[in-house]
Every structure is written in structure tokens, then in C-alpha cells.
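Below is one structure, written out as C-alpha cells; the observations come after it.
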Amino acid sequence: MTSSSLSLVHRMPQGAELLPDGRVRFRLWAPDCGHVDLALEAPAHGDGALCLRMDAAGEGWHELVTGHAGVGSRYRFALPGGLHVPDPASRFQPDDVHGPSEVIDPAAYVWQCPGWSGRPWAEAVLYELHVGTFTAEGTFRAAIGRLDHLVALGITAIELMPVADFPGTRNWGYDGVLLYAPDSTYGRPEDLKVLVDAAHARGLMVLLDVVYNHFGPDGNFLPGYAGSFFTDRHKTPWGAGINYDGANAAPVREFIIHNALYWLEEFNLDGLRLDAVHAILDDSPRHVLDELALRARAFRRGVHLVLENEENQARRLTRDAGGVPLDYTAQWNDDLHHVLHVAATGEQSGYYADYHGDTAKLGRALAEGFAFQGELMEFRGAPRGEPCGGLPPSAFVAFIQNHDQIGNRAFGDRLTGSVAEAVLRAIASVYLLLPQVPMLFMGEEWGSTQPFPFFCDFAGELGDAVRKGRREEFARFPEFKDEALRERIPDPQAAATFSSAKLEWSDLGKAPHAAWLTWYARLLEIRRSDMAPLFAAIRRGGSYEVQGDAVVAVRWQLSPAERLVLEVNLSPHPAPVVPAATGRVLWQQGEWRDGAGPWFVRWSVAGAT
């Protein structure tokens, strides 16, 4: 290694590891098996297929060091009953989740940006994308061709939806079963590294969405040889919980924590987004989330760890005296999405009912972060959240669209196709300039009207069950009582459903998309040049004042003499109660004529009163 090159390898307690002498060490935790064999399908020295007995290494571990394997060798583990299973820590699955694993040399890739040290979280402007639908090709390398577009837009970080190996050729990513292997439909591991390298060369951070609350329903062989990886003591929406706190939990915790460290180190990522951590159930003295954060921060200072957490646990977002995150950097702020979505659409079904017509929740989500901070949420039938007003706004990720909020709708429809332009510009100019960290969903910046429906590629009866379950899920909603309407819901198993989600980049130069792109870029430039210097002075949540139905004023203290002020009228009616601006106006959306017009947004800096 020279000063101008860098190779990164994460040492794992399991999987296939190349040794300095050229041999390969294989390790598998299979506590339910008296013995395990290594089945080599492509040995290193031209031998025919080999089956080698692994050594029992104690506490359920099986190990073998052999010179019969090398880079490119394909292998499985042969269980006593004759079943051959892939490596749960496989770095690559060339033939999908049921095929053999491939021995990878992670040191073979030499990083081209060895001096990259990331960017401060205060500079983050996130862009969530799905690799398979971001481009026509749907690959890691194809995504590189669109990075310059993101830089010009004002994006500073891309957030990849999960890429861990899933069954079939298309999936959102939340059905991954081999958590260490980038899915082969997107490319090889080195292709993902090339994408990360290319992003860093352009000043873009890269975060990856990871799933530690469940495994997908197809291709997860762990129950066959490590039944204690899961537990019936905890239930999740996907079945039995992962065993983070019972007997034999230590190897399970290490498997998951090393997975986080592996992505950060071996792929030089800037951070992780942890999916649905409210479903990571752990009653042990140190929750696995606490341990993961501790070890990730010990590995790399300044790593960005983002949560999706329905429980609104503010305690996971605390800072030290200098404002540095102690555990997790930020949380996706669903509450902010919900208040803005309800204001824009008037929807009040499901959980939206808890936000509809409640301007105080709008003000609170804008000013403090969470709308629910311990109050009863009727939809859940239980209290939700913790007080968060003492947290800085950067502890929250703000958005008006993401994969869930679009894809969980029956037709995967975006806001662009359902609300008027003035409405969309109003809520976008709120969240894009908010002191919270903004996140765009791919295509949002040019007003894409393409759907992002739920899609997958399961075989046989499982595929039929998913198709049927998708339509039955919506039968509970009044608007889908009509069976004929439910039949119009896109088939998640159909290739056409997946294809419909692929971005139409040719729309960029067309009306009205070109105007939307110019507008989004302008807002993000104002955020960078005019707003970000002000945000640096904001240490905690702001205050808010409800002035009418969907009319609210929010203030953040910048200094004893100055405040950042947001005044909004997110309704179709004029609001005479909103006064003329008394300070320097940074941005105004909509008209003010003796009061705020419909869908009015004004950002300003005012003196203290």
C-alpha cells in the first residue's frame, strides 16, 4: 500500500477469509449440527468438486483452513441431513440466494480517494435511491452516470435502499437474507465500491440502508442449523424475533454488529440507516442498538448513524456538551412527513387521522421534531414518543416523500400527481429550508409522476401469497371495498410493476419537469448559502405559535438579538392574521396581501422582541 492507495478489509469471525499464505479459512456457527462439511464446487487448483469435513471449534463453531480454495472458489456448507446451504456471511452470491457462495478478496480493490474523510452531518442533504430503478440498467456502475446531476442539484449524500442479497431479480431490498453480499443483479462487490469511490470523488457521502429486524421469507437457511438465531419470546410483524438477548445470543449479536462494521469498513461508507429499529427487540442489559452505535463510533469517528424508529425515542439521539452525537446521529421524522402530507392532501385514513386538523402537531413537528412526545396516539392505542425539544434540529431527517410513504400506497403514487403545484411548492419550501436535515426521494427534484409501487420476485406459492396478501391488505380501507378496484392494484410479482418504477431521465428536459428541477436547485442553493450559516447557531428546538387552522409561526433563537422565523399558511384560504415581514426575508412562497395568501411560506430573520 502506498500513500496514494488504500485497500480495506474487515476481519470477521465467520465466513470465508483469505489468509496471507493463500489458503482460505472457513467458519460457520451451526450449533444444531454435530458436524458440517465444506462443499467446494470450484476448487482453486482444478480439482473436481470436493467435500471436506470441517473441525468442531467449540460453542457451535465449525472451522476449516484449506489450500483447496482460493479467490473465485464457489462453496456451500453441507449439513448432516444432506442439505447444502450458502454461507450466511457470504460476500457474494453469483447465482442468487440458493446458489453457492463465492470467495472474494476484498483487498483486491484499491480505493481511489484515500484521503476522503467524509462531511459534517450539518452539510447533509440526502437523496434516497433504489439502485434497481434509479437507472434503466439498474446497476451500481450505471448509477455513477447520474452522480453529477445530484451534485449540480445540491445533494451532498446518497442513501441507498438495502442491497443485501434477496431472492429473485427485483426487490425493494427489505427481504434480504444474506446480509453481507451485495445483490448480484446490481453488480459485484467491487462494483459497489466503484460507485462509492465515484461518489466520494465528487464530494458525495454514501449511506446504506440495513435491515436488522428480520430476514426475508425465502433463502434464509439459518433456522436449519442455528435455530437459536431466532426466538419465540419476541414477535415482529415478520414472525419470530432475532435472538438478541437469550441463550446463544452472543454470536447473533456479533453477526449483526460485524455486518454494520463490514459495510462501513470494507465499502468505505459514510454511514448507515437502520430500518425499523422499533422491531429490534432486546431485553438484555445493553441493547444491541447501544452496542452497535458504540462500536461503530469506536471504529470511525464521525460516522453517521440514522434510525427509522416508530417509537420516537429521543434518548437514542442525545448529544454531548459539544453537540456531538453520543449514539445515533438522526432519525427519519415520520411525524413531519405526516403533518405536511395531511396539510397537502387532506387525507385522514389510518394513522393520518391522528394528524388531521391538528395545527399544534404541525407546529410542534416543525419546531421540535416529533409531534408525539409521550401523548396517546389513537391509531396505536398507546402513548408514543419522548420529549425532544432539547435536541438540535439536525437530529431529525425531514422529507415529504420516501420509498415507504409512496410505495406503501396501493398504486405507489407520488404527491406530484395528486396535489396542485402551489401546494407541493409550499410544503417543499418548508422542508427543504428547515433546520432539520432534508431528504429527497429519487425523481422528486424534477416532479416525477412515475409510481414507486411495492415489487418483489418470489417463486411458487410464496409469490402467490404475496400477491394475494397485498390486495387483502387494502381491503380494510373504505376506498378499496370494491373488489374490482382492488384488482387494479399493481401485482407486486409482475415484472411490469418493477419496470414502471424505473426513472424516466428523459423527462428532465421536458415541461414541467425542467422548471421543477431549476426550482429545487434554487431552494437547495439558498439552503447552502443563506440558511446553513444560520443553522449553525441553533442548538435546540424552536418555539411555535398556532395562529389559525394550518397557520403557524415557528421561531428558532439564533442569538440574543436574532431569530429565524418560519410563517406558513398551509391551507387554501387566506390568513389575515399573518403580519408583514419585520426582518430580512430569505424566501417567500405564495402571496402576502394584508395577510398570507393560500399555501404561503415565508422564511425570515427577525430581531428579538
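The values are calculated or read from the model by the stated rules, or taken from the named source; none is laboratory data. Because the structure is a prediction, the values reported are computed rather than measured. Every residue, glycine among them, receives a Cβ derived from its backbone with ideal geometry; neighbour counts consider all protein chains shown.
Key figures
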| read-out | value |
| --- | --- |
| Residue in segment 145-154 that is among the β-branched types (V, I, T), in the same structural domain as V437 (by TED's automatic domain parsing), at pLDDT 95 or above and buried (at least 21 other Cβ atoms within 10 Å of the Cβ) present | no |
| Any pair with Cβ under 8 angstrom, 6 or more apart, that starts in segment 387-399 at a residue that is farther than 30 Å from T416 by Cα and modelled with pLDDT of 95 or more and ends at one that is among the hydroxyl-bearing types (S, T, Y) and assigned to a loop (DSSP other than H, G, I, E, B) | L391/T318 |
| E487 vs. criteria farther than 28 Å from A124 by Cβ and not small (G, A, S) | yes |
| Residue among D290, D270, D218, D282 that alone is closer than 26 Å to G99 by Cα and at pLDDT 95 or above | D218 |
| Single residue of R471, R467, R476 found to be in contact with a Lys or Arg (Cβ under 6 Å, 6 or more places away or on another chain), at pLDDT below 95 and farther than 19 Å from F399 by Cα | R471 |
| Exclusive hit being under 25 Å from S543 (Cα atoms) and touching a residue at least 40 places away in the same chain (Cβ under 8 Å), set G374, G369, G322, G302 | G369 |
| Positions within segment 272-286 being buried (at least 18 other Cβ atoms within 10 Å of the Cβ) and either on the phi > 0 side of the Ramachandran plot or free of Cβ contacts under 8 Å to residues at least 24 places away in the same chain (or both), in sequence order | A276 |
| Residue identified as under 30 Å from G302 (Cα atoms), in contact (Cβ under 8 Å) with a residue 40 or more places away in the chain and surrounded by fewer than 22 Cβ atoms within 10 Å (Cβ to Cβ) among H84, H35, H10 | H10 |
| Filter result for W603 (assigned by TED's automatic domain parsing to the domain that holds G548 and farther than 20 Å from S543 by Cβ) | no |
| Residue within segment 233-254 that is assigned by TED's automatic domain parsing to the domain that holds P217, without any contact (Cβ under 8 Å) to a residue 24 or more places away in the chain and crowded, with 19+ Cβ neighbours inside 10 Å present | yes |
| Within segment 104-125, tally of residues that are surrounded by 19 or more Cβ atoms within 10 Å (Cβ to Cβ) and closer than 30 Å to L523 by Cα | 4 |
| Extreme residue, farthest from the chain's Cα centre (by Cα), among residues of segment 315-341 that are surrounded by fewer than 23 Cβ atoms within 10 Å (Cβ to Cβ) and of a type in the set (A, V, I, L, M) | A321 |
| Matching residues in segment 50-68 - criterion: being of a type in the set (D, E, K, R) and either out of contact with any Lys or Arg (no Cβ under 7 Å at 6 or more places or on another chain) or surrounded by fewer than 16 Cβ atoms within 10 Å (Cβ to Cβ) (or both) | R53, D55, E59 |
| Segment 345-373, subset aliphatic (A, V, I, L, M) and surrounded by fewer than 21 Cβ atoms within 10 Å (Cβ to Cβ), residue nearest to P478 (Cα to Cα) | A353 |
| Inter-residue pairs, beta-carbon under 9 Å, first in contact (Cβ under 8 Å) with a residue 40 or more places away in the chain and surrounded by 11 or more Cβ atoms within 10 Å (Cβ to Cβ) and in segment 481-492, second hydroxyl-bearing (S, T, Y) and assigned to a helix (DSSP H, G or I), 6+ apart | P490/T497; P490/S500 |
| Residue within segment 583-595 that is among the aromatic types (F, W, Y) and either more than 26 Å from the chain's Cα centre (by Cα) or not assigned by TED's automatic domain parsing to the domain that holds R471 (or both) present | yes |
